[in-house]
1. For region B:67-76, state whether one or more residues are open to solvent by 10 Å² or more (accessible area, probe 1.4 Å) and farther than 25 Å from A:Ile218 by Cα.
2. Based on this model, can you work out whether B:Glu139 counts as more than 9 Å from chain A (Cβ to nearest Cβ) and outside any loop (DSSP other than H, G, I, E, B)?
3. Which of the residues that make up region B:3-33 are polar (S, T, N, Q), surrounded by fewer than 24 Cβ atoms within 10 Å (Cβ to Cβ) and within 18 Å of A:Gly211 (Cα to Cα)?
4. Given the condition over 30 Å from A:Tyr70 (Cα atoms), among the aliphatic types (A, V, I, L, M) and open to solvent by less than 50 Å² (accessible area, probe 1.4 Å), answer yes or no: does some residue in region B:169-192 qualify?
5. How about region A:140-158: which of its residues are within 16 Å of A:Trp267 (Cβ to Cβ) and of a type outside the set (A, V, I, L, M, F, W, C)?
6. Filter region B:52-64 down to residues that are more than 7 Å from chain A (Cβ to nearest Cβ) and closer than 23 Å to B:Val184 by Cβ and give me whichever is farthest from the chain's Cα centre (by Cα).
7. Within region A:98-116, take every residue that is open to solvent by 50 Å² or more (accessible area, probe 1.4 Å) and at the interface with chain B (Cβ under 10 Å from one of its Cβ atoms) and give me the one that is nearest to A:Gly264 (Cα to Cα).
8. In region B:1-32, how many are farther than 25 Å from A:His77 by Cβ and in contact (Cβ under 8 Å) with a residue 60 or more places away in the chain?
Amino acid sequence: MLLDANAGHHQDDELVPAAEPHAGHAPLDTAVETQADLSAEMKAIGEAYARALKDGAEPETQPRLDFAPYRSSILRHPTKSLHHADPETIELFSPAFGHQDVHALEADLTIQHNGEPQGERIIVQGKVLDGDGRPVAGQLVEIWQANAAGRYIHKRDQHPAPLDPNFTGVGRCITGPDGSYRFSTIKPGAYPWKNHLNAWRPAHIHFSLFGTDFTQRIVTQMYFPGDQLFPLDPIYQSIVDQDARDRLVATYDHELTSPEWALGYNWDIVLTGSKRTWTENEAYGDAADEE
Amino acid sequence: MSKLTPTPGQTVGPFYGYALPFTKDNELLAPGSPGSIRLQGTVYDGAGETIPDAILEIWQPDAHGNVVQRTGSLVRDGYTFTGWGRASVGNSGVFTFTTVNPGTTPAIPGKPAAAPFISVAVFARGLMNRLFTRIYLPENEEALAADPLLSSLEPERRKTLIARRDADGGLTWDLRLQGKDETVFLDFEHVEGTSK
């Protein structure tokens, strides 16, 4: 698992045959939508949100599930309101992960093969905190990303950019006692996708996180500061509030930069607050510890 | 303590398939081991089409209702029940787990008892943020009727959270992201303006 991220029953996802030259640029559907069409839609949504804020609406903090400019979301978002529920029993706890699950070297995505990967070596470091500012210690962090050329090792990625035999783009770690995580990797490239004509995703790293309660579980994406693709990207723009968007953008940190080795980026992640009380700890926590 | 604003979620995208799955990810128990059952279902979109690029996680108590806090989910030893698993749907939109029927977790003093359920987190390409839901066992009508969440739902919606018992003892539970019979998804936060 450590040095061969594609071990097991997902071998068919590895070693994607190189796409036909320019396959990604083959003529799209005749009814193709342009960036201008999509940008106009996103602008209208943004203006409506600005008006709502002005009229006293609470700022939004999460992406909208119903965000039509990301076309694949149209048939995949619930149309009924999420049902408010108090978390109960199992939801107030999270699965436990530890060093049996993740080897320390899995946090270095640059050493998973025989040679050095192509691209700009980076360090991504930060803390996982809960909504009360408490560190989330000893929990699993998983990341995945494209290589420096903007290509994923995935059979569905048909972007005719080169694969890198020395880069898989998958990492894991367990947070430290202070909630800290740290990955060494390569800065991912931007890549095209087929939401609309000339759609490009800003460079990003996918993050998967657990808290102390299962209700804190999130999957998200970390972006790099100053990306010119932000205003054009329906996935980033599905978060309509600028302050909320900014929470997904890492900070360049020269203190973290390693001389003659790698550039440093810092990104802290805040989960929702824990809902567990001492009564639930008494009722389940102790019993669980006796397992 | 100061309350921090949570980091937004984002879609899992189309390319998690070489990163999130792992060997025996969907086998909380070895298939065929005593007490093991198959939990299966199909994921549908708003047009009633199956979704091939969704990934589900389940988190549940053991058969005795204990919350398990044991490591080893990612590198399973074949004997330890950790209570957590992950399953990618296949090309036909079907997911499968091998697990146990969750036991009844003791009630918290002063709170109504919840009927046994499995907690579910749903991720998919095109789904902007993860969704939470629950899978209840179909037996014990009395417990289901008294369950705080189920009793707060209209009968038509309530049934989307209750699995069917299969002839082989397994459970079948389908997930509908949208449309008629849309699954009930849960919001655990009180703050308005989130997860709209």
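1. No - not one qualifying residue is present in region B:67-76.
2. So B:Glu139 does not fit the description; no.
3. Matches in region B:3-33: B:Thr5 only.
4. Checked against the condition, which is being over 30 Å from A:Tyr70 (Cα atoms), among the aliphatic types (A, V, I, L, M) and open to solvent by less than 50 Å² (accessible area, probe 1.4 Å), region B:169-192 yields at least one hit.
5. Across region A:140-158, the qualifying residues are A:Glu142, A:Gln145.
6. For region B:52-64, the residue satisfying everything is B:Asp53.
7. Checking each candidate, the answer is A:His103.
8. Matching residues across region B:1-32 total 8.
The values are calculated or read from the model by the stated rules, or taken from the named source; none is laboratory data. Computed from a predicted model, the values in this text were never measured in an experiment. Virtual Cβ from ideal backbone geometry, glycine too; neighbours counted across all protein chains shown. These area figures cover heavy atoms from the full protein model, side chains too; ligands, DNA and RNA do not enter into them. Shrake-Rupley method; radii C 1.70, N 1.55, O 1.52, S 1.80 Å.
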